[in-house]
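The structure appears below as structure tokens.
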Amino acid sequence: MSAVIFAQFGNQYDLNIRGRMVGDNNSDASFYTAGISKNIFKFPLKKGKKGVISIGIDYDYAHVNFKADNEVLEKIENLHNIGLNINYFRKLSAKWSLIGRLNPQLNSNFTDGIKGDDFYLNAFGILNYTRSKDSRLSFGLAYSNTLGYPAPIPVVSYWKRFNEKWEMGLGFPRTSVTRTLSLKSKLVGYAELQGYNGNISENIPNPNSQSNIEAERVSYRDIITGIEYRYQIKKFELRVNGGYTVNRNFELQDSNNETAYEFNMENNLNFGVGLGFNF
């Protein structure tokens, strides 16, 4: 599923490649995901006095391995997310700045081509208050299917650097503590909310044969806790992480976004890797 888009509220690398695996642990399904993000270009408005606009693209793929041998579920084993990022940053004063993003996406299994219901529009607006070079408060609103909630949610983050070794980012949907090990490496402990909402190209019968409600959408969300190791060399960064997923929810929804069928999802270990490049 898509990575949370609020890590520092932007993509600090020109190219990001990522992957993640979550096992089943007696759950009804396991997940294997991969994604790539690419910054295309950015340009200042009136030499930066009116802000900076940047454009990027995202693609995420998820393979769902269902434990049950069910022909109906085979249609939603492969889920795709294709998006365009339009980012805006403007410094309002010495201490205040604004970040905004529009993120039109196509989210679907695409078994019947592209349809209107595959289109999702995500957005967020964030105000940053920089108290000092070691302290920043960020808050705003987001509407994003990558969090698994098709509704506006609050976003808040308080970042603090205590010294050369320790810093903290306390907030929602992500909280983290970072320990700088050397000039090239860091260790990060984190907890974050992730998720996915997507259309099912061809409505499928309810896996529960006793129900006649058809499923039209896929919804997934979880909370990931873990530790990430980061190693940076000039314009390249390697990220390796492992952790534990909690509060997992995976369901099929009807046309009213109501639960048509809910899978049994147990908490489980997860592992991920990421690469960042600047050109």
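What follows draws every value from the coordinates through simple rules; no lab data is involved. Keep in mind it's a predicted model, so treat the numbers as computed, not measured. Cβ coordinates were reconstructed from backbone atoms using ideal geometry, including for glycine residues, and neighbour counts include every protein chain displayed.
Here are a few things to note about the model shown:
- When each of Lys91/Lys234; Lys50/Lys91; Lys91/Lys235; Lys46/Lys235 is checked by Cα-Cα distance, pairs over 18 Å: Lys91/Lys234; Lys91/Lys235; Lys46/Lys235
- Working from Cα pairs under 8 Å separated by at least six residues, relative contact order for the stretch 7-277 is 15 percent.
- Estimated from helical segments only, the mean residue ellipticity of the chain at 222 nm is 0 deg cm²/dmol, where each DSSP H run of four or more residues counts as -39500 (n - 2.57).
- Of the GluC sites (Glu not before Pro) found in the stretch 54-131, the ones in coil according to DSSP and having at most 16 other Cβ atoms within 10 Å of their Cβ are Glu77.
- Basic side chains Lys and Arg get +1 at the Cβ, acidic Asp and Glu get -1 at the Cβ, and with that the dipole of the stretch 13-165 about its Cα centre reaches some 1880 debye.
- Shown for Lys75, Lys235: other C-beta atoms within 10 Å of each C-beta, ranked fewest to most, produce the order Lys235, Lys75.
- Rounded to the nearest 20, the size of the Cβ-charge dipole of the chain about its Cα centre is 2860 debye, with Lys and Arg at +1 and Asp and Glu at -1.
- The overall shape of the chain, judged from the alpha-carbon gyration tensor, is prolate: a/c is not under 1.5, and a/b is greater than b/c.
- Gyration tensor (alpha-carbon) shape descriptor, the stretch 196-240, a/c threshold 1.5: prolate
- Simple rule: put +1 on each Lys or Arg Cβ and -1 on each Asp or Glu Cβ in the stretch 26-146, find the dipole, and look at Asn107, Ala123, Ala29; the Cα lying farthest toward the positive end is Ala123.
- Residue order, fewest to most beta carbons within 10 Å, for Ser185, Ser27, Ser108: Ser185, Ser27, Ser108
- Residue exposure sequence - Asp134, Asp222 - by fewest surrounding Cβ within 10 Å: Asp134, Asp222
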